[in-house]
Each structure stands twice: as structure tokens, then as C-alpha cells.
Amino acid sequence: MVSNKGLIAALAAVVLLLPGCATEQPKKLAPPVRVNLDPYPSTYHAYPGALTAIRNATVFDGEGGRIDRGTVIFGDGKVIAIGGADTPVPQGAYEVDGTGKYVTPGIIDVHSHLGDYPSPGVPALSDGNEATSPVRPEVWAEHSVWPQDPGFSRALMNGGVTTLQILPGSANLFGGRSVTLKNVPARTVQGMKFPGAPYGLKMACGENPKRVYGSKSQMPQTRMGNIAVTRATWIKAQAYKRKWDKYNKNGGEMPERDLAMDTLMGVLSGQILVHNHCYRADEMAIMLDLAKEMGYHITAFHHAVEAYKIADLLKANNTCAAVWADWWGFKMEAYDGIKENLALLDRAGACAMIHSDDPNGIQRLNQEVAKVLGYARHAAINISEEHAWRWLSYNPARALGISDKTGSLRVGKMADVVLWNADPFSTYARPERVWIDGALLYYSANPRLRPVTDFELGQPGEGDVK
Amino acid sequence: MIRLFMAAVLLASAAPVAAQTIAITGGTVALGDGSDPMPGGTVVVRNGRIVAAGMNVPIPQGAQMVDARGKWVTPGIVAGFSRLGLSEVDLSGGLTDDKAESGPFGAAIDVAPGINPSDSTIAVNRADGVTRAIVAPNVARSIFGGQGAVIDLGADMEPITHARAFQFVELGETGGNTAGGSRPSAYVLFRNALREASELRRYAPSLTSSGVGTPDARNQPVVRNPNESRLYGPDAQRSDDVLLTRFDAAALVPVLQGRQALLVHVERARDILNVLGLRRDYPALKIVLVGASEGWLVTDRIAAARVPVIASAVNDLPASFEQLAATQSNVGRMREAGVNVSIGMIDDNDTRYLFNERQYAGNLVGLTNVPGATGVRWGEALAMITSRPAQALGLGSELGSLAPGRRADVVVWSDDPLQVSSNVEMVLIDGVQQPLETRQTKLRDRYRDIDERVLPEAYSR
């Protein structure tokens, strides 16, 4: 956490005043009531899986390691062993011959709107932007997620995506809370919620907020308006947090709850991670200063099209950049996009990853990284495939605060595993099987292991290979 | 290695390039006609045209040699459906030329003057091996977008290969919305528009063959280009209930006559059949279907109608109620049924991401390894982004393959072009070697090492 000396000094002053109050009216202060920070708890459970051993496959472990003719063993939802051809296989394990195939951790998309902007993209299902005020941290993306969005199953079967963060949109400076989901079909969003994953706060800078509200002749209409509203909001959040800190320490009358400020307080306390939509290098630099001014940390910039211009600054601030491979030019703040962005960031030592922001792109994130590798090689920057897999699983897991649980094939971690029918950086490769927490949830050769959403049931093409 | 290769090419470019003879030798050559790639082939280019391509091709005396050993050589990518060159920045970046929201014209619009060959979008796609594009306007107030062009992506001021190569019309959900709120309304508008076109005097004689006319040459003009949007004398006399501007009606005359292709965007299977049915009333229409996400449901009907399809390659989401049956197997299934299919990018970042066509083609190849899916063979997949779109517009004898006599649009790739990690090493358009530098490569080079100790980045270029 980045500390704020001014804030600490202010809190110290409050504490100094307290003993006087306490001695006068010690018995009137009721003990503090703890607010439930998890009112929509995850009900996700791992589905049953067999003790499984994949052998003779090329393994990318997600943290930069590669094992040729490797063995990956998992059971009870966890990775049990990972090693070479001589890794002992436990008795009774279901063996999968991985000859000519590749094993990777499941892909993690740090930026998705599946469920909030589902298919079909009709107005009745458009639930991603609460564009009624530039400051809406009180909305939670999970309250919009439609678990029946067919996009989830496409991301699973074509994309090998096992975990994804659903963000509210970027019309607002403060768009609301994100939610991290395991990519399993479920009846409720709670049934998809990644157990123990921290919440995120979606923030935005740049053209979207100023366009959306500026067109309504409302602040912000400019980039300076963006920053002014953002700063003013954090100042309110600091005051709110001071009230609650005092109450949580001393009890008394509970301050009035404000859902918007609850979220921002969570950021200031380090419990909620900031995911900041921001394209331009100069704007990212301003947001980094703003975060320091207000006492929070930006976990990751998303869409960071110009991140390559400030790779050093991102590294110094320990802030990740989530980027596309080749999106550019669709608006002015995307005009300077280059195809080597991810590679240059990585080379500079910054934490970088691929992201989709797209129901089609999420089905081919492996290919997006393959593009980057090709363009980088053309520019004489050679990056190994096993290293590049970090951009698809481990680095996104870090940015989501779940890298202790998933994102790489490590003993004890969740068995979120993809078996690819060829090198996943080939355009011709596809997931053959996908396991989530050790449960086989997709197998290309088994039509029964192909989820069909309620929406698709009884429609043309139901159950087809999509 | 790359540097040596490029040096040889630079040497070659010292002579007047279009006129010269170039022999690209030793590479894996794919003709773009659906055939398999041939290792160790040769491509010979002279005067901007393909002389020969394949195995055992004799190398003319004095040809400039390009060593493509270890590399792949193919025709340039022909972007099957695009809005390339019509917009620099789409969203609040100033004027774009892909549609006129409040203009009076629809079918009469000719996209050609809007195409800016200096757009960064053109340079970026050229550097990725796209050499030609089918460019259509978007619809705005009419179901007719106007007349699209076929362009080249050469680094010069003359981008137009064929102006007014086709008319573009929306008859699915977009058309319904544009027509006031329903598909049936769009069909009435469409029929009425063709009726108005048929009422134009210069077209009427060929319907009635009555020979009625006046000696006034202006009333019986020799129409060299029936779509040049000029009207003479009596052509101004029309029914009282006209809905089209006179220019719009005139623009539809060549469509009605089958002299200009009609590209129709529809996605839903029923809409596809509705479009095929239009030929009962208008038998001369040269229809090309665009989009066709649900085409696989009616493959036999499309094949029987012998109508080419420029399809969206990998749509697999029920993105709307007209795409409920979308599947990545759509293209493969249509192809298996004998439909002439090519790949386009309608509504899919069609202004600037045409370089993704080879990724899409590669994905169709990948589907051949997915149980239950229908994919496309490699050679056919390449054809779908080279010769097939050219054929759909009747330009197959001119563009899109390495067959002798075709325009010499040739790309040398570091590897299999359907692998997205492969890079472009040389691009010829009409036999002229093209620059591969873009704003993007210059930005990359400026910032690849951040070092402000001497001067700011603005001094490096």
C-alpha cells in the first residue's frame, strides 16, 4: 500500500482528542458493529474430477517454465505434481496421452464484459455502463452479470479461458466494482464467483467520460474536468474513511452508510484493487500522481495503448499494464497503438498482460499473444513462448490478486488446466480439453461436454460446435 | 538475414520498378487459387503483371533476383469487405467518409473520392500484406449505401483499381432500421427504388425495345458508364410519387441491368432466401451476399442460386436475433456445399483491421482438427482471402492469384502467412515494391529504448 502522510497525521490528531471524550462519557459508546463486506458470497464449488495425469506433452507452467515431454498430475481440484517424463504417476490415475500436444494453465482475462454486455447485444441486456453520473462506485458488475451469456461458453471452449474479471464499462470516471469469476456455467452469478478473489474498482480516464458527460453539458467535459471530479471524489472518500475508522475503533453511533464511498474506502484500505481504463502515456502518468496524492495504488492500467512510452514509469510504480495486441486508431487516444507494446513493456521489466474487452477476442487470446511474438521477433526482440504464457495467466492472476491460487501450474494451486491439440501459439491450435479445479468441463471429442446456455436451447444451431 | 534480403530488394528498386522483371525464387509458393503450396517455387513478374508462378519456371535473362528460400510467397491479401481508407479515426476524430448521416443521397454516392491513400490505416494494412480491398460505404439514411470501389494499397496517390464496382445495400436488421423500422419496409423501398430506376427514360427503351425516341442526342445518349450520375432531358420526367433523388435512381440502372454487382448484407437464413428471391422479379441482378452468418442453414439454396458469399469468417455468437445460428463452421459448410465463399470483415473493425483476415483464414484451417466442426483446407483458406473475393466481383481474371497475366500483387512472408506470428518481408503491388514502414514502426523505434539523457524522444525519427 502507498501510504499518505497527510492522512495519517489527520488520523493521529483524531486519536489524540479521543481520551478526553472517552473519560467523560465512557458508557454511552456502543461497540462497533461490523459491516458485512461480502453480502453476495460465492457459492462456487469445484465439480468432481478424476485423478488425472497428462503425459508426454509440452508444458508451459505459466511462470516462464517449459517442460518437454512433461507430466502434469492433478486430483481433488489441485495440481499434485508437475515434472518431466520420469514423474511418477499415482495408481489409478486417468492417463491422457499428450504426445504432440501442449498443456498450459487456463487463460485468465483481466478485462471482460461478458454477462454485462452479453449476446444477444440488444438494449434490454445492455447492463455494463451506469452512465447516469460520472461517479458511480456504488454499482457492482456482479449485479448485472447474466450467467446465461453464451459468450462464457465460447471463451471456455475456443479460448481456454478459465477465469475472468467482469468490469463495468468506461463511461464513468468511477464505473463501479468488478467481480472475478470462474468460467463455469452456473444458474447464478454467485455460483461463478471466484472464492476469495478481491474486488476491483473500475476507473476510467480520457475520452469516454468526457464524451459521455460532456455531450450532456455536464462535468466532466474535458480531461481536466475528469481529474477534478476524480480528485474531489477521493477527498470525500478520505473523509468517509476517517469517520468509519473512528467508529470501528471506538464504537458509538454508526455513521450513515454510503455504498459509493464504501467501495472507495475499500480501495483506500487496500482491500479493493484499482483497474484503471487509460490509453495515453501522459494521462497514465497523471493518474499515477493522483493515486499518490490520494493514498491508493493503481493495480493495473487497462487498454494502455501507449504504455510502451512509459514502461519505465509503470515499472517504478509497480503498476501493471493490460493491453491488446494490435487494436489501434479507433479513437484519438488509441492512435499511437503499436503491435510491439506488450513486448516492449515486458522487456523493460514492467508487469504486462494481454486482455480482450471483447466477446470475440476472448476466444483467441493465445493468438493475440502469438501476434505480439511475431511482431517482436521481426523487431529483433526474441521472447520465448513459455515466457509469453505469463501474459496469459500468471500476470493477470497477479493483477487480480489471485496468483496464490491460480495462474500457473504449481503444486497445490487450483487445477485450471488446458490441453491444446497443438502449439497454442499456432493459429491452427484449439483447446482439446479444459479442466477447472480439476473438473473436465470441455472435451472437444465429447459432444456432451459442451455447455449449451438456456438462451441457446431450442434455437437454431443448438448444441452445434460453435 | 532479413537485412541481407532487404538489401537485395533495395538494389532491385533502383531501376524503374514496375517495368522491370523480378524473379522470386526458392520460396514456398502458394498461388491463391485453392491449390496447395509448393516448396521451392518461383514467381516471375514483368511490367506489373505475373508472368509465371510455380515449379520449373524459367527465369528470364536480366531479371532482378529475390532469394525467398525458407520463406513463403503468395498473392497479396484482398480484403473481402472493408471500409478501408474512408476514415483515419472513427470516434470523435473529425470527419469520416464512410457515410453521410444527413446527406440527401444514398445509391448515388460513389465512395472513390473519399478514399485517402495516405491514411495510416492503409499503410498499416499494406505492411501486413494486404494489397487490395473491396471498399464499401456504410448506409446512413437509405438502405443503399452507395457504390463501392476496389482499391490497391500502394504508396501513391492513385488508389482506385475499379470505381463503382458495386452497389451496397442493407436488407437485414440494419436495413430494416434504416427503412423506418422493419424488414418488409426495406423490401418495399428496394423494389420501389428499382422501379424508379426502370422508369428512367434511358433505361426504358431496352425494356420495351419499342425504339421510341427523338432525334435529340441528349435523349438517347450513348451511356458509356451508365452510372456516372448524369441525367438528360426526359429522364427528369418520372412518376409523381418518387422517393429517390434522380441521381439515386440513375445509380441503380446498372444494378437493374446486371452490369454492376449488388452486394447485399444479410445475416439471417430467411433473409438470405428473401434476397435470392429478388431475382424472380429482377432476373439480371448480380447478387453477392455479404455477412451471411446463418448461411449454413440454407447452403443448398445459395449454391443452387450460384450466388457468391463474402462471409464473416468466425462469427460464432448469437450477437443478435439475426445471428442466432452463427458458428465458425459456417464458411466451411457453405464451401462444402459448393458455394463460392470468401472472407470479409463487415462490421468487424472493417476500417483498419483487415490484417486479421489471415488470422481468420488460419482459424478456419484449425477447425479441420475439431471434431464435429467443418473447416477449410489451407489452399482454399488462402484463396478465400485472395482470389475468391476478386472472383465475387468478377475481377478474378485480374486480381487475387499468381496466375499468368494477373496484376503482380505479391507478398513474401517469413513463414506460413496463415500463422499470425509470420511477418511480411516484401510487398509488390502492380509489380512495384512497397514501403513497409508505418507510423507504428516509427513509434516503436522511437520508444524501444527510453533514454532522455541527451534529448527528448521528439528528436529521434
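Values quoted throughout were computed directly from the atomic coordinates according to the rules given, and no laboratory measurement underlies them. Small disclaimer: the values here were computed from a predicted structure and weren't measured. Here Cβ is always computed from backbone atoms with ideal geometry, including for glycine, and neighbour counts include all displayed protein chains.
Here, the protein assembly as shown has an Rg and a Dmax of 30.0, 115 Å when only alpha carbons are counted.
Tally Lys and Arg at +1 and Asp and Glu at -1 over the other residues with C-beta under 12 Å from the C-beta of A:Pro451: what net charge comes out? Don't skip to the end; give the middle numbers.
Working: positive: A:Arg154, A:Arg448, A:Arg450, A:Lys466; negative: A:Asp149, A:Asp454, A:Glu456, A:Glu462.
Counting the neighbours of A:Pro451, the net charge comes to 0.
Overall, the protein assembly as shown carries a charge dipole of about 480 debye about its Cα centre when +1 sits on the Cβ of Lys and Arg and -1 on the Cβ of Asp and Glu, all other atoms neutral. Whole-Hz Karplus values for the range A:219-226 come out as 6, x, 10, 9, 5, 5, x, 3 Hz, taken residue by residue from phi with 6.51 cos²θ - 1.76 cosθ + 1.60 and θ = phi - 60°; glycine and proline positions read x.
The H on the amide N of A:Arg430, modeled in the peptide plane, is under 5 Å from the matching H of A:Asn421, A:Ala422, each at least 5 residues off or on a different chain. Can you give the FRET efficiency to the nearest 0.05 for B:Asn369 and A:Ser133, using r as the Cβ-Cβ distance and R₀ = 45 Å? With a Förster radius of 45 Å, E is 0.35. A crude spin-label estimate for the pair A:Lys243 and B:Val454, with each label 7 Å from Cα along the Cβ direction, gives 5.8 nm. Computed from the C-beta positions of A:His143 and B:Asn177, the FRET efficiency with R₀ = 45 Å rounds to 0.90.
Each label point is 7 Å from the Cα along the Cα-to-Cβ direction; what then is the distance between the points at A:Ala30 and A:Asn318, in nm? Rounded to a tenth, the inter-label distance reads 3.9 nm. Taking a Cβ cut-off of under 14 Å around A:Thr99, the surrounding Lys, Arg, Asp and Glu residues balance to a net charge of -2, with basic ones at +1 and acidic ones at -1.
Counting only aspartates and glutamates at least 8 places from A:Lys78 when in the same chain, those with an alpha carbon closer than 19 Å to its own are A:Asp61, A:Glu63, A:Glu95, A:Asp404, A:Asp416, A:Asp437. For B:Gly291, the residues whose amide H sits under 5 Å from its own are B:Ile310, B:Ala311, B:Ser312, ignoring neighbours fewer than 5 places away on the same chain, with H placed 1.01 Å from N.
In this simple spin-label model, placing a label point 7 Å from the Cα along the Cα-to-Cβ direction at both B:Phe321 and B:Asp67 gives a separation of 6.4 nm.
Here the scattering of chain B is modelled by Debye summation over its C-alpha atoms, one equal scatterer each and no solvent; at q = 0.06 Å⁻¹ the log10 of I(q)/I(0) is -0.28.
Could you let me know the centre-to-centre spacing of the range B:18-46 and the range B:68-131, using Cα atoms, in angstrom? Cα centroid of the range B:18-46 versus Cα centroid of the range B:68-131: 27 Å apart.
Add +1 for every Lys or Arg and -1 for every Asp or Glu among the other residues with Cβ under 13 Å from the Cβ of B:Trp72, and state the total.
Numbers: positive: B:Arg69, B:Lys71, B:Arg358; negative: B:Asp36, B:Asp415, B:Asp416, B:Glu425.
Cβ neighbours under 13 Å give a net charge of -1.
Couplings for the range A:181-195, taken from phi via the Karplus curve 6.51 cos²θ - 1.76 cosθ + 1.60 with θ = phi - 60°, read 10, 7, 7, 10, x, 8, 7, 10, 5, 4, x, 10, 4, 5, x Hz in order; Gly and Pro are left as x.
Under a 5 Å amide H cut-off, with hydrogens placed 1.01 Å from N, A:Cys320 pairs with A:Ala300, A:Phe301 among residues at least 5 apart or on other chains.
Enumerate the residues in the range A:161-185 having an amide nitrogen under 19 Å from the point lying 7 Å beyond the Cα of A:Gln218 toward its Cβ. Within reach of a label on A:Gln218: A:168-177.
Placing R0 at 56 angstrom, the Cβ-Cβ distance between B:Asn47 and A:Glu462 gives a FRET efficiency of 0.50 after rounding to 0.05. With the cut-off at under 16 Å, measuring from each backbone N in the range A:49-78 to a point 7 Å along the Cα-to-Cβ line of A:Glu95 picks out A:51-57, A:69-74.
Taking 11 Å as the cut-off, no amide N atom of the range B:99-142 comes nearer than this to a point 7 Å along the Cα-to-beta-carbon line of B:Glu199. Between the range A:421-461 and the range B:144-200, how far is it from one alpha carbon centroid to the other, in angstrom? So the two Cα centres are separated by 39 Å. Computed from Cα atoms, the angle from the helix A:281-294 axis to the main principal axis of chain A rounds to 50 degrees.
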